[in-house]
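A.B. asks: What follows is a structure written as structure tokens; I'll ask about it next.
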Amino acid sequence: MVTCLGINRLNQAQKSGFFEDISPRILVLGCPKPEALANFGFIDLVICHPEKSIIRKAQELGFQTILEGENFNKVKVLRSIGATFVWVTKSRRETFFNMAIALIATKKNGKIIITGGKKDGVEGALKKIKALIDPVNIISKSHGKIALFQRPQHLPKEVQVWKKMGKFQKTASGYFSVAGAFSETEIDKGSLLLADQFSGKLFGSVADLGSGWGYLSSEAIKNSPNIEFVTLIDSHFGALESARRNITSSKAQFLWADLQSETLNINNFDHVIMNPPFHIGRKVELGLGIAFLSVAKNILTKGGTLWMVYNQELPYEKTMNSLFTNYKFLNKTKTYNVIRAKKT
Ligand SMILES: C[S@@+](CC[C@H](N)C(=O)[O-])C[C@H]1O[C@@H](n2cnc3c(N)ncnc32)[C@H](O)[C@@H]1O
């Protein structure tokens, strides 16, 4: 789940002296653009994020990286943190988990900075912090807030509760999921419609593009016994780790990859199933769905079938017409279109 950087807020914080006396090493949790931090002169950064493209970018810049979703108790680098930045994300559980990690990892009296937009819930997060820590210095800027405080000598007991929010958890639907993953607490309604359509009809090799925590693949393996294997691909590390917990069948294989920028060495699939993403943060990003469609076409075998659900407001028809001449609407609701397309 990618969030907004809020560069004006960071600039304002710098002018107000927030970044003075920040001692390395600096832990950065949830930041959507680690490259922007280099412009503030920060060195010795440790970037923690679940998204493949962000981790790759951070590594190219020479920063250390930690995957959000790793077992943090085993990550030694978290024991020498001088200061921590937390970006509030759309997932409340992910934000509280990241605030817990900031409080645990930062050395006593080290600085902690929390930044985020109002729409992402920064006010709620800071309200909890202010109830536990004093003083907290807050600046309001660009429809959001940035806060600075010292890591207290003794950690409030709430921190252990927040830390648990980052665990893989079984939701009411009976599947494991993780904070920050797509549809983190329930099965997506569009995916339910898609699974209804392909149930019992899949065979051979199947690719699940943007598999998330694995609902579509799980249904596919349960209801189509002629499947030989399913490759689940997602760029969100925690979502894919949840999928591993949801699908224990030996028919499943898992690939952590960014389908928009990586060329994958896989092909000849009999079926592709997908509910492609269309947002980066809060912004509609049509290019993502188009990239998924193009990958689907490339990895299908001749005569292979694409099964896709998408929000019917999205104008994918032009791309569909240029990539798949042979396709059919299987279901149309007020919100979703479900289509089946053949690679000819
Ligand atoms: C609409 S969700 C569907 C998830 C899952 N298939 C389901 O039905 O619940 C789209 C998924 O695409 C993943 N995703 C977004 N951008 C991606 C990218 N560039 N490469 C690979 N996966 C991506 C997201 O993490 C998310 O899990």
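The values are calculated or read from the model by the stated rules, or taken from the named source; none is laboratory data. Treat the numbers as computed from the prediction; the structure is a model and nothing was measured. Positions of Cβ are generated from backbone atoms using ideal geometry, with glycine treated the same way; all protein chains shown enter the neighbour counts. Only protein heavy atoms, including side chains, enter the accessible area calculation; ligands, DNA and RNA are left aside. Shrake-Rupley method; radii C 1.70, N 1.55, O 1.52, S 1.80 Å.
A.B. asks: What is the sum of charges, Lys and Arg at +1 and Asp and Glu at -1, for the other residues whose Cβ falls under 12 Å from the Cβ of residue 201?
C.D. replies: Around residue 201, the surrounding residues sum to -2.
A.B. asks: Please give the net charge around residue 296, taking every other residue with its beta carbon less than 14 angstrom from that of residue 296, where Lys and Arg add +1 and Asp and Glu add -1.
C.D. replies: +3
A.B. asks: Ranked highest first by average number of other Cβ atoms within 10 Å, how do 135-141, 285-291 line up?
C.D. replies: 285-291, 135-141
A.B. asks: Please list the equivalent ellipsoid semi-axes of the chain, computed as the square roots of five times the alpha-carbon gyration tensor eigenvalues, in descending order and whole angstrom.
C.D. replies: Sorted largest first and rounded, they come to 40, 20, 18 Å.
A.B. asks: Modelling each spin label as a point 7 Å along the Cα-to-Cβ direction, I'd like the residue 153/residue 322 distance in nm, to one decimal.
C.D. replies: 6.5 nm
A.B. asks: What residue among 180, 17, 121 shows peak mean-square fluctuation when the chain is described by a Gaussian network model with Cα springs under 10 Å?
C.D. replies: Of 180, 17, 121, the Gaussian network model singles out 17 as fluctuating most.
A.B. asks: So how far, in whole Å, is the C-alpha centre of region 294-328 from the one of region 113-156?
C.D. replies: Cα centroid of region 294-328 versus Cα centroid of region 113-156: 45 Å apart.
A.B. asks: If you don't mind, another one. Accessible area of residue 279, 1.4 Å probe, to the nearest 10 Å²?
C.D. replies: 80 Å²
A.B. asks: Could you work out [θ]222 nm for the chain from helices alone, using -39500 (n - 2.57) per DSSP H run of at least four and dividing by all its residues? Round to the nearest 500 deg cm²/dmol.
C.D. replies: The per-residue figure over the chain is -9000 deg cm²/dmol.
A.B. asks: Order the peptides 333-339, 317-323 from the highest to the lowest mean number of other Cβ atoms within 10 Å of their residues.
C.D. replies: 333-339, 317-323
A.B. asks: While we're on this one: Among the aspartates and glutamates, which fall within straight-line cross-link reach of residue 302, defined as a Cα-Cα distance under 14 Å, with same-chain neighbours fewer than 8 residues apart omitted?
C.D. replies: Partners within reach: 270.
A.B. asks: Taking the dipole about the Cα centre of region 169-342, with the C-beta of Lys and Arg at +1 and of Asp and Glu at -1, give me whichever of 193, 172, 238 is farthest to the positive side.
C.D. replies: Going by the charge dipole, the pick is 193.
A.B. asks: Could I ask something else about it? With the crude spin-label approximation of a point 7 Å out along Cα→Cβ, what separation in nm comes out for residue 132 versus residue 15?
C.D. replies: Taking the two extended label points, one gets 3.2 nm.
A.B. asks: A 20 angstrom limit on the alpha carbon distance is what I want to check against. Which of 189/332; 107/157; 318/342; 76/127 exceed it?
C.D. replies: Among 189/332; 107/157; 318/342; 76/127, the Cα-Cα distance tops 20 Å for 76/127.
A.B. asks: Among 61, 5, 202, what's the order by accessible area (1.4 angstrom probe), most exposed first?
C.D. replies: From most accessible down to least: 61, 5, 202.
A.B. asks: So for each of 124-133, 72-81, 295-304 I average, over its residues, the number of other beta carbons within 10 Å; can you give me the resulting order with the highest mean first?
C.D. replies: For the peptides 124-133, 72-81, 295-304, the packing ranking is 295-304, 124-133, 72-81.
A.B. asks: FRET efficiency for residue 141 and residue 311, Cβ-Cβ distance as r, R0 = 41 Å, nearest 0.05?
C.D. replies: 0.80
A.B. asks: Net charge within 11 Å of residue 68 by Cβ-Cβ distance, Lys/Arg positive one each and Asp/Glu negative one each, not counting residue 68 itself?
C.D. replies: -4
A.B. asks: Moving to a separate point now. State whether region 169-342 is rounded, prolate or oblate according to the following rule on the C-alpha gyration tensor (a ≥ b ≥ c being the square roots of its eigenvalues): a/c under 1.5 gives rounded; otherwise a/b larger than b/c gives prolate, and the remaining case gives oblate.
C.D. replies: It comes out rounded by the Cα gyration axes.
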